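A.B. asks: Below is one structure. I have some questions about it.
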Amino acid sequence: MNNIFSVFKNAWASPEVRRKLLFTAFVLVVFRFFAHIPVSGVNLASLKTLFSQNQFLGLLDIFSGGTLANFSIMALGLNPYINASIILQLLTMVFPSLEELSKEGDSGRQKINQYTRMLTVPLAALQAFGMYALLRSQQIIANLNPIGVIAFIVTMTAGTMFLVWLGELISEQGIGNGVSFLIFAGIVGRLPVAFSQTASTANTQNTLNLLTFVGLGLVVIGAIVLINEATRQIPVFYAKRVKGNKMYGGQSTHLPLRLNQAGVIPIIFAVSLVLLPNLLANFFTASKNVFLHNVSLWLTTVFNPNGIYYNLIYFVLVVGFTYFYTAVIFNPKKIAEEVQKYGGFVPGIRPGTPTSNYLNYVLTRITLVGAIFLGIIAIFPSIAKEITGIQTLLLGGTGILIVVSVILESVKSVEAQLVMRNYESFAK
């Protein structure tokens with residue numbers, strides 16, 4: 001804790017880093033301001049009643065930062081953008097042209113980001129129409145004429161794209177990953193509401209259960225920090241080389257492989273997908289078509305947040321996305337080539353392909369530990385509810401993981417900024 005405060009104290013003393021921190025804070029204030037601008041024509045009292053009766057919608061509201069219960073213009077949140085990112089990354093593995101584009105450095109990444117934003121628009125529009133149909137079936141919003149429906153969809157889509165733009169501003173000119181930061185801000189902004197709901201129903205038994213919940217939360221926070229910071233050190237030796245009249249190399253170092261290479265991204269991806277079937281089920285529940293009505297009831301049963309199938313699917317998705325995203329961000333072949341290029345080698349392993357295979361072997365096994373841990377954290381709400389009986393605190397391990405991970409990554413980002421500034425001043 002003292003280290004975090006000292007990092008931000010030193011950051012405040014640096015004009016450039018201070019500007020980034022103030023810019024990030026300003027964007028978060030803008031986000032929270034727009035999060036309270038409601039869409040016209042929605043009966044907010046009936047909407048809040050619906051949310052209090054539907055655990056799925058309450059969970060969805062937490063990840064939208066409370067914008068869904070208020071039904072602000074940002075009610076769709078970043079889900080369409082996250083789903084578009086998942087689709088583009090999957091397509092990158094299928095189409096060689098996209099794979100080549102992803103290897104072109106910053107220019108390639110910018111093009112892929114542009115494609116992601118373009119795909120976000122139709123996904124957001126489709127989700128906005130589904131939200132309108134759900135609210136209309138619950139008589140929370142009046143039947144609109146075609147122009148009114150189009151205006152509703154355009155407003156919701158524009159809110160999502162504005163949120164994406166705010167996230168990109170944070171990534172480019174602020175501190176940390178913008179998308180994760182906005183989700184973090186939404187969860188933190190929703191915490192007082194969740195705690196007030198729990199406190200309003202408090203009695204002796206609930207107080208004891210709440211203390212148990214807080215104790216479990218502290219244990220989870222400690223475990224998250226431990227897993228996030230845990231690394232497997234791969235020793236690397238560099239052979240001595242003579243260049244002119246100077247000798248280079250001869251030193252040893254290590255290559256740190258993190259247990260959780262993917263960070264919080266697998267959880268965010270898995271949440272976006274696991275909530276989608278229930279959202280579709282709510283959309284088709286009022287359908288007059290018998291088949292669609294039965295399918296929606298089946299989806300509601302299978303993807304019930306308290307059900308075993310929901311938690312099992314959620315767990316598998318988190319584990320799968322952990323391996324998938326680790327493969328995206330960490331390339332053992334490229335690392336092995338870089339080590340070989342500078343005359344390095346892993347003791348007992350030949351340079352080149354054998355080193356790449358060895359790194360992949362180690363990474364696959366340590367990622368299993370991180371993936372299972374993330375999966376357990378994902379289904380922690382159901383575990384905590386069985387232990388404590390508290391139904392109002394829907395935040396659970398997923399929200400805690402996002403909050404703690406974003407704080408840790410932000411501190412590391414600030415430290416990197418400080419190191420870079422100190423190096424630049426030293427170089428001058």
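A.B. asks: Where does each of Lys9, Lys334 land when they are ordered by accessible area, with a 1.4 Å probe and the largest first?
C.D. replies: I get Lys9, Lys334, largest accessible area first.
A.B. asks: Could I ask something else about it? Just to check I understand the Karplus step: with θ = phi - 60° and J = 6.51 cos²θ - 1.76 cosθ + 1.60, what whole-Hz values come out for the range 352-368, glycine and proline as x?
C.D. replies: Result, ordered by residue: x, 4, x, 5, 4, 5, 5, 4, 5, 4, 5, 5, 4, 7, 6, 5, 4 Hz.
A.B. asks: Taking amide H atoms as placed 1.01 Å from N in the peptide plane, list the residues 5 or more away in sequence, or in a different chain, whose amide H sits under 5 Å from that of Arg258.
C.D. replies: Arg232
A.B. asks: Place the peptides 173-182, 36-45 in order of packing, highest mean first, counting for every residue the other Cβ atoms within 10 Å and averaging per peptide.
C.D. replies: 173-182, 36-45
A.B. asks: In this model, which of Lys334/Lys412; Lys20/Lys111; Lys111/Lys334; Lys20/Lys334; Lys103/Lys341 are farther than 27 Å apart at the alpha-carbon?
C.D. replies: Violating the 27 Å Cα-Cα cut-off are Lys20/Lys334.
A.B. asks: Show Leu22, Leu47, Leu28 ordered by accessible area, largest first, where the area counts protein heavy atoms only and the probe is 1.4 Å.
C.D. replies: Greatest to least solvent exposure: Leu22, Leu28, Leu47.
A.B. asks: Could you please state, rounded to a whole Å, how far the C-alpha centre of the range 132-180 is from the C-alpha centre of the range 324-358?
C.D. replies: A separation of 43 Å, based on Cα centres.
A.B. asks: OK, next. Not counting ligands, DNA or RNA, and with a 1.4 Å probe, what is Thr300's accessible surface area in Å² rounded to the nearest 10?
C.D. replies: Taking all protein chains as shown, Thr300 has close to 60 Å².
A.B. asks: Same structure, new question: Which order do Thr212, Thr353, Thr116 take when ranked by solvent-accessible area (1.4 Å probe, heavy atoms of all protein chains), largest first?
C.D. replies: Greatest to least solvent exposure: Thr353, Thr212, Thr116.
A.B. asks: With r defined as the distance between the Cβ atoms of Lys103 and Ile150 and R0 fixed at 51 Å, what FRET efficiency is calculated, to the nearest 0.05?
C.D. replies: Calculated transfer efficiency: 0.80.
The values are calculated or read from the model by the stated rules, or taken from the named source; none is laboratory data. In this text the structure is predicted, and so the values were computed from the model without any measurement. For neighbour counting, all protein chains shown are included, and Cβ atoms are generated from backbone atoms with ideal geometry for every residue, glycine included. Please note that ligands, DNA and RNA were not included when accessible areas were found on the heavy atoms of the full protein model with its side chains. Shrake-Rupley method; radii C 1.70, N 1.55, O 1.52, S 1.80 Å.
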